[in-house]
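These notes concern the structure reproduced below.
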Amino acid sequence: MTTPTETRPAVLATPAATPPEIPARRRGTAPFARLAIQRILGAAVVLWAVATLAFFALRLVPGDPVDALLGGPGNNATEAMRQQAREANGLDRPLLVQYAAYLARLATGDLGLSYQLREPVAKILGEQLGSTLLLAVLALAAAWVMALALALWSARGGRVATTVGNLLEVVSAAVPHFWLGSLLILVFSVQLQWLPATSGAPGVEGLILPVATLAIPLAGFLGQVMRESMLTAMESPFALSARARGEAETQVSLRHALRHAALPAIGLSGWAIGSLISGAVVVETVFARPGIGRTLLQSVLVRDVPLVLGVVVLVAAIYVVVTLLSDLADRLADPRLRAA
């Protein structure tokens, strides 16, 4: 028995076993996998929402889709022929049953059969997609070149250059595609006769005017974002440090500020592809160019429901994929996002 004055021997605390350190590469695998799963699920929800809205919106448009099956609104089909066409294509079933059948086909990659062309929608879109993607990619590249050149010039040229650059960006961003395309045809095809008015000409000459029509408004949007980011970057501490080290103003702009100015534009590239494809509806019509934009316009006019739905779902899928890729490119270009 111990007295109050006695002290007990100190018990040496053994250090708790520390868990082995997880390598950084393994630590980043789980968050990246979760992010990938979230993005894939989000893309599926977006595609479902787009397909659902398009399906029910087309049912609200005046007219009967049977007309497209029987040759157009001016057909002379009897009521018996119309009823037979409805039954053969499932149009006599309740709307929700048609919707469920459409989703089931869409889940297997079946976009249906075109009412007017009587060919698989996937085949029709496959034949037209390459032309539209080529036009969109070239327009995006041209818009980036113009936006970078305008941002560099306006950011380094003083107050007058900034004012002129801002005016050019606002005007170009507000120009409608149909007006700009018609103006380019009038100037370069009719007056100067330098370039063909349609895209059927061989070589690259037939692409110049359609690409410029799509690229100029987009360059206005990208230029505004790049110029503001570059002006901010030119006054940042890293730019001041570069000047203190003796670097020339051109080096500061190209080596340091330009990368920071391009980051917001990279994030907008996903939206830009969607904007370019929607603008292709007008451009392909103005320049008589084949593509999914012109196919969409023609299918809407004749109420070819499967073809319209196929174009809408395809454009939505392209937008989702490109947005994901642009987000990944943004993370690769910005070390802060990689760290997050």
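Of note:
- Using the Cβ-Cβ distance between A244 and R34 with R0 set to 56 Å, the FRET efficiency from 1/(1 + (r/R0)^6) comes to roughly 0.85.
- Descending by average beta-carbon neighbour count within 10 Å, the peptides 310-319, 38-47, 167-176 line up as 310-319, 167-176, 38-47, the highest first.
- Tensor-based shape of the stretch 132-191 (alpha-carbon gyration tensor, a/c under 1.5 rounded, otherwise prolate or oblate): oblate
- Note on L183/E205: beta-carbon distance plugged into 1/(1 + (r/R0)^6) with R0 of 22 Å gives a FRET efficiency of 0.75.
- Whole-number D in µm² s⁻¹ for the stretch 78-138, Kirkwood Cα-pair radius fed into Stokes-Einstein, 37 °C, 0.692 mPa s: 238
- Chain lengthening between T108 and L41 when straightened (0.36 nm per residue, less Cα-Cα): 22.4 nm
- Shape class of the stretch 285-324 from the alpha-carbon gyration tensor: oblate, with a/c at 1.5 or above and b/c at least as large as a/b.
- Between L113 and V121, the built amide H atoms are under 5 Å apart, and every one of these is 5 or more places off in sequence or on another chain.
- Of the peptides 105-117, 297-309, the ranking by mean beta-carbon count within 10 Å, highest at the top, reads 297-309, 105-117.
- Protection proxy ranking, peptides 215-221, 131-137, 96-102, average beta carbon neighbours within 10 Å, highest first: 215-221, 131-137, 96-102
- Full extension of the chain between T52 and E87 yields a length gain of 10.3 nm, computed as 0.36 nm times the residue separation minus the alpha carbon distance.
- Inter-probe distance in nm under a simple model that places probes 7 Å from Cα toward Cβ, at L167 and V190: 2.7
Only the coordinates and a few stated rules stand behind these numbers; no lab work does. Predicted, not measured: the structure shown is a model, and the values here were computed from it. Glycine also receives a Cβ, built like all others from the backbone with ideal geometry; neighbour counts cover every protein chain displayed.
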